[in-house]
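J.: Please see the structure below; I have some questions.
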Amino acid sequence: MFKHSRARRLLTGASMVAVAAVALSGCAAGGSSSSANKVVNVLMVNNPQMVDLQKLTAANFTKQTGIKVNYTLLPENDLRAKASQEFSSQAGQYDVATLSNYEVPSYAKNGWLTSLSGTVAADKTFDQADILPAMAKSLTSNGQIYAEPFYGESSFLMYRKDVFAQAGVTMPSNPTWQQVADLAAKVDGVVPGMKGICLRGQPGWGQIFAPLTTVVNTFGGTWFNKDWSAGVNSPAFEEATNFYVNLVKAHGEAGAAQSGYTECLNNLQQGKVAMWYDSTAAEGTLEAQGSPVAGKIGYVAAPVVKTANSGWLYTWAFAVQKAGKNQTAAAKFIEWASSKEYENLVGKTLGWSRVPADKRTSTFNNPDYQKSAAAFYKQTQTAIESVDPANPGVQPRPAPGIQFVAIPEFADMATQVSQDVSSAIAGKETVAQALAKGQALAQKVGDKYKK
Amino acid sequence: MTSVVTRATSVSKARAVGSVRRPRRTKRGALLGLVAWIFGLIFVTPVLWMILTSFHSETSAATNPPSLFAPLTLDGYANFFGANTGASPWPALINSAQASIISTLLVLALSIPAAYALSIRPVRKWSDVMFFFLTTKMLPMVAGLLPIYLIAKATGLLDSIILLVILYTSMNLPIAVWMMRSFLSEIPVEILEAASIDGANLLTIFRRIIIPISGPGIAATSLICFIFSWNELLFASVLTSTQAITAPVFLTSFVTSQGLFLAKVCAAAVAVSFPVLVAGFAAQDKLVQGLSLGAVK
């Protein structure tokens, strides 16, 4: 009996500690619900343009509207995982998220997004007509606009003008891939330690397969034909992949199988490569103040073979979660973040080279932007305006997308295939072996859509 | 006389043996010392490199081969504290501190009585109970992630410190019970019996005998639970968003796929590791005592 009462006292003591601790943490965890409608929770990819947005929000948007914005910035892969978890479960923790034109159509189809057609897009000062048509179309589903671009990008070829002059070679304004391969051979080693070209070799659908799919498109290949039959081991797909792998093995960067966007950016900035085929978004970093290669880079159109152009189209855009608690405030936030007004704000406060551009026609016509981006804006504009996500190759496609196929299964499938192609770059298997495995994977996905 | 001589001979023999052995022991000791230093350096070098890189500029940090003598700057730390981003690390650090400290206190409050019932006054089938505790660590944590997410969503606990406290407490409790049991087993039962005879009740025995004697063990257990909670990333990254975001999740936000980030991430990693390092140094003596106490057992 005595023992029991002691035990009970102990238990009571322990329970009190627990209750006090939980109560304390409850106090700490609770948000203020009274001001909830004045708060927008935003999930964003951690790219430099988003960091600028985070920095400018409190002093501008919050000051003007009284709406507080809580940001969560994540690396790209983590963001995709988090956004997929958040939107598929409609958890409602975030009101707004940055999604790409790869996710928006399928998220919209699943009913996870709020249409912006009646709010942001209808606002006259926002000027929806100013958004580049290809970009607006890629964020539209069933005639409804589901996201507004924050910035856009295409792809082009960047090269060191000084190194080309030293080697006595000239870059055509619309090169073919064969010309690029020849030039890579000629400039390789002209400067000691400098390779001919940097191409992504890192596994991942958004890594190696972003540039490689555009190469496949222009060589006449495709992931899927109109009837959803897979074309991964087709002669054109194989020829393109062999070309890419051989070029990077012969004249590409050191450690190519592990090189992604960041590694290639470093390589070009540090004088380790003379050319780089990648995103137009790189221009801001390459031409930024303090960049060792500022003013030395030339920009030309994405190389082609059988198509007239081959640049990709990509955008990080703001979308509103249907389960988000603050729909009105979320729409107001997007109206500001994707607006001309915000571009002007960045231009005036941080410099025109840091403007989240390449989404509005008016930006390309802005004299301040033209002056700051003189080296690349025309090429970027041409690249973005010339793309056609519905028809990026030589044959009709079953789903839109240039460097991807806009179906939810593409990310997993292409990532698996990319691991084998990356192994081929590392010399561990042949391209034919890699693509044979890829064909089987792709056909499984295609069969689902055939039914 | 004979015995004295014999003794002297044996002493000289012993000395001779000693004089032969001593250098061998010294050589072995030196060799072991060298191996220990090499392993120590292998473990410490990445940390030192991280600290050095945190004081470099992004461009210097990205050079290959890495530069030892690049100019030093505090930009990485300024960035961590929000100078260039507008994002303060304090909410994340405070959330981590709350979740770690509260869960550690709860773990101690629950594990010490449990360990008492498994060592000093063992319950029936105590070894089965110990094994049960161990089995809870056998399930891969990621396997429980989705059910926990769904439960948290249904109960409205997503993005709250309470959820993290519950999770960290349950994650660390089995380890703490095992550790505390091994420390409490070291306490001679005779002392407890003597205290009982002197009229001390259970609470007094806990307060005046068990807790002071097992102090180093409690310190070691607390520190390990604190470190595990502070460093936890998987659950925090999935279950928190804006209100309860923790320091490790905040740390990952410096990684970007567009641009350089190595110096920023190193500075953030040093800053986030700082509280754990301070706690570790503060409890160093107790920690060594505590861990060796368990090791002897």
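The values are calculated or read from the model by the stated rules, or taken from the named source; none is laboratory data. Quick caveat, the model's predicted, so the values are computed rather than measured. Glycine also receives a Cβ, built like all others from the backbone with ideal geometry; neighbour counts cover every protein chain displayed.
J.: When the residues of the range B:241-264 are filtered to those that are more than 9 Å from every other protein chain (Cβ to nearest Cβ) and under 20 Å from residue A:288 (Cβ atoms), which remaining residue is modelled with the lowest pLDDT?
T.: B:262
J.: If you go through the range B:232-246, how many residues are in contact with a Pro (Cβ under 7 Å, 6 or more places away or on another chain) and not in a loop (DSSP other than H, G, I, E, B)?
T.: 1
J.: Go through the range A:97-135 and report how many residues are among the hydrophobic types (A, V, I, L, M, F, W, C) and either exposed (fewer than 15 other Cβ atoms within 10 Å of the Cβ) or in a loop (DSSP other than H, G, I, E, B) (or both).
T.: Here the count works out to 8.
J.: In the range B:147-164, is there at least one residue being within 11 Å of chain A (Cβ to nearest Cβ), closer than 30 Å to residue B:267 by Cβ, in a helix (DSSP H, G or I) and within 20 Å of the chain's Cα centre (by Cα)?
T.: Within the range B:147-164, one or more residues are within 11 Å of chain A (Cβ to nearest Cβ), closer than 30 Å to residue B:267 by Cβ, in a helix (DSSP H, G or I) and within 20 Å of the chain's Cα centre (by Cα).
J.: Any residue in the range A:155-165 that is part of a loop (DSSP other than H, G, I, E, B) and either at negative phi or in the same structural domain as residue A:273 (by TED's automatic domain parsing) (or both)?
T.: no
J.: Does residue A:289 count as within 14 Å of chain B (Cβ to nearest Cβ), within 18 Å of residue A:166 (Cβ to Cβ) and of a type in the set (S, T, N, Q)?
T.: Criteria not met by residue A:289.
J.: So which residues in the range A:377-391 are of a type in the set (A, V, I, L, M, F, W, C) and surrounded by 22 or more Cβ atoms within 10 Å (Cβ to Cβ)? First the steps, then the outcome.
T.: Applying the first criterion (of a type in the set (A, V, I, L, M, F, W, C)) to the range A:377-391 yields A:383-384, A:387, A:390.
A:383, A:384, A:387 - these are the residues of the range A:377-391 that are of a type in the set (A, V, I, L, M, F, W, C) and surrounded by 22 or more Cβ atoms within 10 Å (Cβ to Cβ).
J.: Could you identify the single residue in A:405, A:394 that is surrounded by 22 or more Cβ atoms within 10 Å (Cβ to Cβ) and either aromatic (Phe, Trp, Tyr) or not in a helix (DSSP H, G or I) (or both)? I'd like the intermediate steps shown before the answer.
T.: Numbers: A:394 fails: surrounded by 22 or more Cβ atoms within 10 Å (Cβ to Cβ).
A:405 is the lone residue from the list that is surrounded by 22 or more Cβ atoms within 10 Å (Cβ to Cβ) and either aromatic (Phe, Trp, Tyr) or not in a helix (DSSP H, G or I) (or both).
J.: Looking at residue B:268, is it of a type in the set (Gly, Ala, Ser), surrounded by fewer than 21 Cβ atoms within 10 Å (Cβ to Cβ) and within 21 Å of the chain's Cα centre (by Cα)?
T.: no
J.: Return the residues of the range A:268-296 that are in a strand (DSSP E or B) and modelled with pLDDT under 95; say none if nothing qualifies.
T.: A:279
J.: Could you please find all residues in the range A:408-428 being surrounded by fewer than 16 Cβ atoms within 10 Å (Cβ to Cβ), assigned to a loop (DSSP other than H, G, I, E, B) and without any contact (Cβ under 8 Å) to a residue 40 or more places away in the chain?
T.: A:428
J.: How about the range A:310-362: which of its residues are buried (at least 24 other Cβ atoms within 10 Å of the Cβ), of a type in the set (Val, Ile, Thr) and in a helix (DSSP H, G or I)?
T.: Answer for the range A:310-362, where residues must be buried (at least 24 other Cβ atoms within 10 Å of the Cβ), of a type in the set (Val, Ile, Thr) and in a helix (DSSP H, G or I): just A:334.
J.: Any chance you could count how many residues in the range A:63-79 are part of a helix (DSSP H, G or I) and more than 11 Å from chain B (Cβ to nearest Cβ)?
T.: 3
J.: Another question, if that's okay. Output the residues belonging to the range A:87-96 that are surrounded by fewer than 22 Cβ atoms within 10 Å (Cβ to Cβ), touching a residue at least 60 places away in the same chain (Cβ under 8 Å) and more than 7 Å from chain B (Cβ to nearest Cβ). Reasoning before the result, please.
T.: First, the residues of the range A:87-96 that are surrounded by fewer than 22 Cβ atoms within 10 Å (Cβ to Cβ): A:88-92.
Right, trim to touching a residue at least 60 places away in the same chain (Cβ under 8 Å) and you get A:90-92.
The answer is A:90, A:92.
J.: Which pairs do you get when a residue that is in a loop (DSSP other than H, G, I, E, B), found in the range A:250-261, comes within reach of a residue that is among the small types (Gly, Ala, Ser), reach meaning Cβ atoms under 7 angstrom, with the pair 6+ apart or on two chains?
T.: Hits for this filter: A:253/A:259; A:259/A:201.
J.: When the range A:193-207 is examined, which residues are found to be modelled with pLDDT of 95 or more and either surrounded by fewer than 24 Cβ atoms within 10 Å (Cβ to Cβ) or of a type outside the set (Gly, Ala, Ser) (or both)?
T.: Those that are modelled with pLDDT of 95 or more and either surrounded by fewer than 24 Cβ atoms within 10 Å (Cβ to Cβ) or of a type outside the set (Gly, Ala, Ser) (or both): A:194, A:195, A:197, A:198, A:199, A:200.
J.: Given the criterion at pLDDT 90 or above and at the interface with chain B (Cβ under 9 Å from one of its Cβ atoms), identify the matching residue among A:45, A:22.
T.: Values: A:22 fails: at pLDDT 90 or above.
Going through A:45, A:22 in turn, just one is at pLDDT 90 or above and at the interface with chain B (Cβ under 9 Å from one of its Cβ atoms): A:45.
J.: Answer yes if at least one residue in the range B:277-287 is modelled with pLDDT of 90 or more, away from every other protein chain (no Cβ under 14 Å), part of a loop (DSSP other than H, G, I, E, B) and under 21 Å from residue B:106 (Cα atoms), and no otherwise. Walk me through it before giving the result.
T.: Initially, the range B:277-287 is screened for residues modelled with pLDDT of 90 or more, giving none.
No, the conditions are met nowhere in the range B:277-287.
Residue by residue, here is whether (1) under 29 Å from residue A:259 (Cα atoms); (2) more than 23 Å from the chain's Cα centre (by Cα); (3) exposed (fewer than 12 other Cβ atoms within 10 Å of the Cβ) holds:
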| residue | (1), (2), (3) |
| --- | --- |
| B:41 | no, no, yes |
| B:45 | yes, no, yes |
| B:52 | yes, yes, no |
| B:58 | yes, yes, no |
| B:61 | yes, yes, no |
| B:66 | yes, yes, no |
| B:69 | yes, yes, yes |
| B:77 | yes, yes, no |
| B:87 | no, yes, no |
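J.: Among (1) hydrophobic (A, V, I, L, M, F, W, C); (2) in the same structural domain as residue A:113 (by TED's automatic domain parsing); (3) touching a residue at least 60 places away in the same chain (Cβ under 8 Å), there is one condition residue A:364 misses while meeting the rest; what is its number?
T.: (3)
J.: I've got another one for you. Taking the range B:202-216 as the search range and keeping residues that are within 14 Å of chain A (Cβ to nearest Cβ) and out of contact with any helix residue (DSSP H, G or I) (no Cβ under 6 Å at 6 or more places or on another chain), which one is surrounded by the most Cβ atoms within 10 Å (Cβ to Cβ)?
T.: Within the range B:202-216, the match that is surrounded by the most Cβ atoms within 10 Å (Cβ to Cβ) is B:210.
J.: Regarding residue B:186, is this residue away from chain A (no Cβ under 12 Å), surrounded by fewer than 18 Cβ atoms within 10 Å (Cβ to Cβ) and not in a helix (DSSP H, G or I)?
T.: Yes; evaluated as a whole, the condition is true for this residue.
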